[in-house]
Structures are given as structure tokens and as C-alpha cells.
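Asker: Have a look at this one.
What follows is calculated from the coordinates using simple rules that are stated; it is not laboratory data. No experiment lies behind these values; they were computed from the predicted model shown. Don't worry about glycine lacking a Cβ; one is built from the backbone with ideal geometry, like all the others, and counts go over all protein chains shown.
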Amino acid sequence: MNNINKFIILSLAVTLVTSCNFKKSDRGQNEGAKETQLTIEDKKDAQKSIQPQELELNLATITKDLAHAQTASEIVSLLKSLESMAINSEALMNVRDIKSKPMLKALEAYNVALIKLTVLAPGSAELQNSMDSYEKMALASCTAQLRNCSNFSFLRTDQRSAEVLQLIVAQLDKKMDASCKTDCEADLVRYYNLLALSFDLSNSTRKTEAEFLYIKRASDYGKLFLKDETRNPDFFRKHGTVFASIVSEYPADPKSKRFADFVKTFKPWNHSRLETNAFPFGLEHMFSFAAKNYLYAANKIDLSAELRAAIDTSQASSDKSGPSFKMIIQSIKDHPRSASFFKGSNFDITVADKPDFYNEYFFMIDRLYRGHIGLEEAVSFWEGSKQDSKALFEVVNFYTKIEFLSRIILTNKYMTDIFNKPEMASETLFKQVIQQSEPLTKEWNKMFNKMENIALFVTRQLRNTRSSSKDFDEVQLMMN
């Protein structure tokens, strides 16, 4: 019985050993130590082997040919030769030693060839096919959050992998510019998945071109998260943080048409610290950059079309700060005692009827007064303007007088309503008026607090403006 058991155990052991994926070869007298074989399993041949010597020989030939290749057809031929070794996703999953020297050389050669092809045949079908295969390999087994990417460590062995992914994104970007007008969600997700992977591969040494690709569609990608409640909010914040970090340090060229177009699509003039924004990242920086560089049209005289549209929109309706300045003026004009307000004074309310009143200085003061922008953004706006101190003083002077007048009218109406209440007893009238005027007091305090920002801005920017010292003194006197 013991002999039978031993025979069964021995038989099982032999069966297990012979079924493993190892090939044994007889060594000759002069043969050195056996080299490790790279065994790739596929559905057609479970024991398809790539001999290291053969692979090294092929790669040496390919690398030599690649160095001398000058035409797109030569590069395409070399890419096809490298595909099975460098970007076959199924094969890579079964390679025993994916970081072996031959495999790494194959990846390097493929990256070099693909980068060359983008120069020689940028719009070719062959380039697109190679890029599609590369993308499939790069994202193999990745989760929606780009975790568990099986080929990440393999790609990371060559710094050109990040460059190739960025070139794929650039190609996708052109496609989206040309054909993506409304529903671009699938391409947008692909776009940022590939960029995120390339950034991780590049170890934070990103190229300027890749950074521009990231910020270009960042707002649209951010808004995509708001439409899908299943998306991780932390991922949204991380995306926004990356955008803000890039845009704050990006070496932007104001004369670059594509950057100017990006700024326009970002709609910086809509920036508001009061209003909710779907993508609230980097807004102050974008506003300040636009203010310093894009206030005016190409002739440097007229306001840019975007700024003019923003001014008109801001005056068309109320916001969280209340009725717009234009609406306040209209309410004063519509008041039954309007004529008596200005009788005997040199204050001309029709100044606001002039087409050039709602100019860049008005927009700056209006946004600052209402709290949509802070002092830093206002300073950037002033720096980007023609810095016409006289025009600024005229706006500040008129603006503050209208705000005072509107509060006087409000106070008059409020107090009239209180005194006309039948329940107001004459013996306690004064006490009751004080008690019921608290909302009115808050309105006046709110106005004075807003005026402080205007006074601070004017003082900082125009203290030494000699040509307008009289105007400066008048504004200071009115605000103090």
C-alpha cells in the first residue's frame, strides 16, 4: 500500500511540473547559463515564447532603422513591427517579466517612432490607428478614478510615454474643436483621463503645452461633475485645485490668439464673489489677467465686445446686492418728487443717459462697490485701463451721490410710512420710531461699509495724481 501511495504522489508531481509554463532545454558542453524566457500566453497559442536573443536582435535592427527613417511609411512599418512587443494589451498582461531590458527597449522605440510620425504625418489614418492602440494599452484595466492601471509602471519606465499621451490629447483636442459642439461628454472624459495619466507619468515636470491643454477645457469638465451626482466630489476639488495651480503660474502670452480665445470662453467678466459659480477655481486670477490685457478692442480705444456685453448685462437686472445702478437711477426719475430733488442744485442726473457713462471705470467701481470683486481685482483692472483719473473721479462722484440720494428717498418713504401708522401713539412716538427704524439703520451702515472700499481704492491709486487733486479732494470730502 505504501508503494502504491508513493507512486500516486510521484505521478501527480510529474504531472504538475510538466504542466507549468517553463521550457527546459538540454545544455551543450559550451553553453552558458540559460537565459530567462519571455513567455506570452494568448488564446491561439498558450506557449508562444519570445526568445531574448531573437528579441534583442529584432530590436537592434528596428532601432537602427528608426534612426535613419525619414518617411512616414518607414515609421509606420517600424511601428507595426513593434506593436506586439510594446502595446499589445493582452500580451503585456501575460508577460512574465514586463520590465525586462528587451520589453523596455521596445517601449522606448515605439515612443520615439510615434513621436516622429506626429511630425511626418500629423493627420494620417495610420497615426490615428497607432494612437488608438496606445491609448487602449495605457488605460487597460484602469478604473474610472484611474486606479489599478496595469500598464502604468511599464509606461513609467520611459519619460516619452507622458509626451505620447499628451500628443494623443492634442489630437483629440483638434477633433473636439472641429466637431464637438454640444454633447462632448465622452470625449471630455477621455481627454482628462489621458492628461491625468500623462501628468502622473511625468513626475510633475509638465510641459507648457500640456498645461494649456489642461486649463483649456477645465471649466467644462468641472461642470460635468455637477451633472452626475455619482461622481466623487473629492475628484472635482482635486481637478479644480490642479487648474488653479496651473493657471496661476502659466506663462501666458496676452498676444497669443488661442490664449485670448480661452480667456473669452472662460467669461472672466462674469466673475463674482457673491454669485455661485459652477466652477469656482482660479476666478480671481482669470479676472485679473483679463483686466490687465483684454479690456479694449484691437484698436485700443473701444471697449472689447465681451466687456461691453458684461456691462450691459450687469445693468439689466438686480443681483444679490439689490437693484442695478441703472435701475436705481430710473426709480429716482420715476419718483413723484423727482424734480424737487435737483431743484436749486448743480447735480445733473441725465449724466447717466450719455452712452459713454457706462464705461470701464463705471464697471470697476460698480463691481467693487457691490462686492463682486475685491481690491486686488480692482487694482488689476485699473492697471489694464487707460488710467484716466479724471474719468474715474467723475464716475466715483456721480456714483456715490446717486447712492446717497437713493438712501435719502428710502429713508423718507420709510419714515412717512411709520408716521402714518394709526397705532403710533404720540406720547411714545420717538421711542417707537427708533425701534422700527433698525432696518433703515442697517441699510445706511451697509452703504457706508461699501463706500469704504471705494475710498480705500481711490486713496491708494490716486493719492499722488496732481492733475486731479481738486477732484480727489472733493471725493475724499464726500466720503469722509
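Asker: All other residues with a Cβ under 12 Å from the Cβ of Gly123 taken together, and with Lys, Arg as +1 and Asp, Glu as -1, what is their net charge?
Answerer: +1
Asker: Related question: Give me the distance in nm between label points sitting 7 Å out from Cα along the Cα-to-Cβ direction at His335 and Lys401, one decimal.
Answerer: Modelled inter-label distance: 1.4 nm.
Asker: Ok, one more. Provide the convex hull volume over Cα atoms per residue for segment 319-368, in Å³.
Answerer: In segment 319-368, the Cα convex hull volume per residue is 96 Å³.
Asker: Follow-up question, since we're still on this one. Can you work out the FRET efficiency for the pair Lys267 and Ser150, with r the C-beta to C-beta distance and R0 = 41 Å, to the nearest 0.05?
Answerer: Result of the calculation: an efficiency of 0.50.
Asker: Oh, and also: Evaluate E = 1/(1 + (r/R0)^6) for Arg190 and Lys421, where r is the Cβ-Cβ distance and R0 equals 51 Å; express this FRET efficiency to the nearest 0.05.
Answerer: 0.15
Asker: Over all alpha-carbon pairs in segment 300-454, figure out the percentage whose distance exceeds 20 Å.
Answerer: That tail contains 57 percent of the Cα-Cα pairs.
Asker: Please identify the trypsin sites (Lys or Arg not before Pro) of segment 150-254 that satisfy two criteria: DSSP loop assignment and at most 13 other Cβ atoms within 10 Å. Which are they?
Answerer: Lys181, Lys207
Asker: Still on this model: Anything over 22 Å Cα to Cα? Flag those among Lys116/Lys216; Lys175/Lys255; Lys207/Lys292; Lys216/Lys292; Lys413/Lys442; Lys223/Lys326, in the order listed.
Answerer: Lys116/Lys216; Lys175/Lys255; Lys207/Lys292; Lys223/Lys326
Asker: Could you calculate the FRET efficiency of Leu104 with Asn129 from 1/(1 + (r/R0)^6), where r is the beta carbon distance between them and R0 is 22 Å, rounded to 0.05?
Answerer: 0.40
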